[in-house]
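Structure, as structure tokens:
The values are calculated or read from the model by the stated rules, or taken from the named source; none is laboratory data. All values reported here derive from a predicted model rather than from experimental measurement. Cβ coordinates were reconstructed from backbone atoms using ideal geometry, including for glycine residues, and neighbour counts include every protein chain displayed. These area figures cover heavy atoms from the full protein model, side chains too; ligands, DNA and RNA do not enter into them. Shrake-Rupley method; radii C 1.70, N 1.55, O 1.52, S 1.80 Å.
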Amino acid sequence: MAMAIATFLVLLLSVFEHSAAGESFDVRQHLSTVSRYGAVKDIAGHAFLPSNVPDGCSPIHLNLVARHGTRSPTKKRMRELDNLATHLESLLKDVKEQNLSLKKVPSWLWGWTSPSKGKLKGGELTDAGEDELYHLGIRIRERFPDLFNEEYHPDVFTIKATQVPRASASAVAFGMGLFSGRGSLGPGHQRAFAVISESRASDILLRFFDCCKNYKDFRKSQEPAVDKLKEPVIDEITAALKKRYRLNFTRQDTSSLWFLCKQEASLLDITDQACGLFSPSEVALLEWTDDLELFILKGYGKSLNYKMGVPLLKDVFDSMEQAIEAKEGNYAPGSYEKARLRFAHAETVVPFSCLLGLFLEQSEFKQMQREKPLQYPPKSPQKRNFRGSMVAPFAGNNMLVLYSCPANSSSKYFVQVLHNEHPIPMPGCDNSDLCPFEVFKERIVTPHMNHEYEALCNVKSEKVEPKPAPSKLSQLFHWLFPQGNEDDAQSLKVDL
């Protein structure tokens with residue numbers, strides 16, 4: 001009897017723990033770079049005690065590098081969801097024709113159509129995206145009132161965006177928040193302000209990835225290998241879905257359902273349809289596959305990914321030096337820049353974060369500066385620093401605030417880095433978020449300055465000579481005695 005009671009209590013505890021885990025798991029915080037800003041911006045990746053800005057110090061300049069806000073899916077992705085709807089309809093039809101059990105089929109699948117069905121265009125900033133940037137502008141003004149207390153002038157508050165409409169629209173939404181109540185337009189007392197854009201064909205500050213031929217060649221060559229790395233996880237989850245719902249899902253179905261989950265949760269706040277098909281552990285694994293791809297193709301996976309962003313880092317640093325010059329020269333208010341505000345893409349924010357060495361341990365930072373390869377993010381459920389939902393969610397951003405301090409301070413100028421509005425440790429500055437300007441220059445900026453964009457991106461790189469085609473006998477030998485994965489998967493080896 002005692003044994004039976006003990007067994008019952010263990011089972012009851014197990015059920016309670018599973019229920020509690022389900023209640024605490026918010027899928028909206030696990031959508032990699034499709035995460036909404038409000039869902040993830042206040043999540044701390046690890047315990048970090050930010051530095052206190054020394055007494056008497058005041059901000060004299062602010063740099064912002066931000067991603068556009070939440071957007072709708074692109075036309076390519078809308079077609080993917082239309083294809084998913086067609087295939088789901090076919091699967092359900094097969095189940096009915098074969099008189100199979102329908103008990104396990106989720107009710108929402110019957111008659112489901114893509115939320116973007118009938119739309120002709122996509123990729124635009126959504127209402128939620130506008131709201132994210134509008135309120136970011138308001139919060140920054142409230143946080144740094146002394147920086148934004150001057151009369152607006154485009155040379156004092158420089159706003160730049162890429163030519164992609166969702167980025168420029170994000171800049172407009174941000175400016176409306178930043179300058180709200182400062183003008184005479186309409187009941188909200190808005191004011192007009194300038195947003196500057198470079199041509200997409202030559203924008204090496206904010207769209208360096210699009211102008212870098214060597215990077216585009218690298219990415220195109222590695223995408224199939226990255227897909228190979230993700231396949232075991234996708235196949236494992238596909239098998240689980242088939243068993244769970246008695247539907248003959250394919251690998252493509254699983255990928256498309258995961259994309260649908262991200263769109264529903266991020267754009268529509270729906271978490272009990274596509275997202276409900278997956279268990280929390282499966283969501284964590286799918287999130288990891290997205291983060292792995294982000295790391296390899298846009299992040300620390302190859303030094304070219306972030307070295308091509310050096311023109312942006314130089315632009316940021318030059319603006320700091322100009323602010324220091326204005327401070328030292330006692331320039332008149334209104335005659336020098338106080339903020340440089342940029343709005344771009346995940347492909348901009350991720351490499352820029354890498355140039356700063358964010359989301360690395362100190363040993364990894366030293367490896368990165370020696371251009372040594374880094375370990376890939378460990379597979380879930382292991383913890384990892386590099387998570388797309390934290391590195392570059394919609395409206396994700398890095399702010400670099402330059403402080404001027406009294407003569408008796410340990411340094412006359414400090415740089416503070418805020419990621420998604422929160423202080424973040426810089427391994428190059430002994431894991432502090434507040435770095436003496438000269439240390440920031442010496443340890444973080446200068447090591448990257450020996451890379452010229454043109455040489456990195458458009459000078460033909462050395463290529464490995466192609467291997468001769470294997471003979472028929474060799475092919476037969478490898479088929480009978482397989483040696484492992486294909487070469488491209490080997491080049492991106494990861495502990496799956």
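Assorted remarks:
- Once you divide the Cα radius of gyration of the chain by 2.2 N^0.38 Å, the number left is 1.09.
- Degrees between helix 346-355 axis and first principal axis of the chain (Cα, 0 to 90, nearest 10): 60
- Straight-line reach from K96: taking Cα to Cα under 26 Å and skipping same-chain neighbours fewer than 8 places apart, the lysines in range are K104, K117, K242, K243.
- Summarising the amide proton neighbourhood of F394: residues at separation of 5 or more, or on other chains, whose placed amide H is nearer than 5 Å comprise S35, Y37.
- Near K160, the amide H atoms lying under 5 Å from its own belong to I196, L341, R342, F343; only residues 5 or more places off or on other chains count, and H is placed 1.01 Å from N.
- Compared with the dominant principal axis of the Cα atoms in the chain, helix 213-245 is inclined by about 40°.
- Shape parameters for the stretch 215-294, alpha-carbon atoms, Rg then Dmax in Å: 13.6, 43
- Annotation for S24 and D318: the two label points, set 7 Å from Cα along the Cα-Cβ direction, are 4.9 nm apart.
- 3J(HN,Hα) from dihedral phi, the stretch 178-192, Karplus parametrisation 6.51/-1.76/1.60, rounded to Hz, x for glycine, proline: 4, 9, 4, x, 9, x, 10, 8, x, x, x, 6, 6, 9, 6
- Two-site FRET efficiency, K366 against K213, from Cβ-Cβ distance with R₀ of 30 Å, rounded to 0.05: 0.50
- Computed from phi, the 3J(HN,Hα) profile of the stretch 265-276 under the Karplus parametrisation 6.51, -1.76, 1.60 (θ = phi - 60°) reads 5, 7, 8, 10, 6, 9, 10, 10, 10, 4, 5, x Hz, with x in place of Gly and Pro.
- S51/R79 FRET efficiency (R0 45 Å; Cβ-Cβ; nearest 0.05): 0.40
- Distance between the 7 Å Cα→Cβ label points at R251 and S410: 5.3 nm.
- Summed over the residues of the chain and divided among them, the accessible surface reaches 51 Å² per residue at a probe radius of 1.4 Å.
- T74, T86, T158, reordered so the largest accessible area comes first (probe 1.4 Å): T86, T74, T158
- Beyond 20 Å in Cα-Cα separation lie the following of the pairs K160/K441; K307/K412; K216/K460; K307/K441: K160/K441; K307/K412.
- Anisotropy class of the stretch 165-287 from Cα gyration tensor, a/c 1.5 cut: oblate
- Protein-only accessible surface order, largest first, of F394, F218, F48 at 1.4 Å: F48, F218, F394
- Amide H contacts under 5 Å for L434: S51, restricted to partners 5 or more places along the chain or on a different chain, H placed in the peptide plane at 1.01 Å from N.
- Extension gain from I196 to E438, taking 0.36 nm per residue of separation minus the Cα-Cα distance: 84.1 nm
- Estimated inter-spin distance, E328 and N450, nm [label 7 Å along Cα→Cβ]: 2.6
- For the chain, the antiparallel share of DSSP beta bridges with both residues in that region comes to about 65%.
- Against the main long axis of the alpha-carbon atoms of the chain, helix 280-297 sits at an angle near 50°.
- Shown for the chain: cysteine residues without a partner Cβ closer than 4.7 Å, namely C211, C354.
- The slack in the chain from K93 to A239, taken as 0.36 nm per residue of separation less the alpha-carbon distance, amounts to 50.5 nm.
- Binned Cα-Cα distance frequencies in the stretch 227-375 - 5 Å width, integer %: 2, 8, 13, 13, 12, 12, 11, 10, 7, 5, 3, 2, 1, 1, 0
- With the cut-off at under 15 Å, measuring from each backbone N in the stretch 50-87 to a point 7 Å along the Cα-to-Cβ line of D146 picks out 53-62.
- The chain, helix-only ellipticity at 222 nm - DSSP H runs n ≥ 4, -39,500 (n - 2.57), divided by all residues, nearest 500: -13500 deg cm²/dmol
- For K121, a cut-off of 17 angstrom between C-alpha atoms picks up these aspartates and glutamates, skipping any fewer than 8 places away in its own chain: E80, D82.
- Share of carbon and sulfur in the accessible area of the stretch 120-195 stands at 54%, probe radius 1.4 Å.
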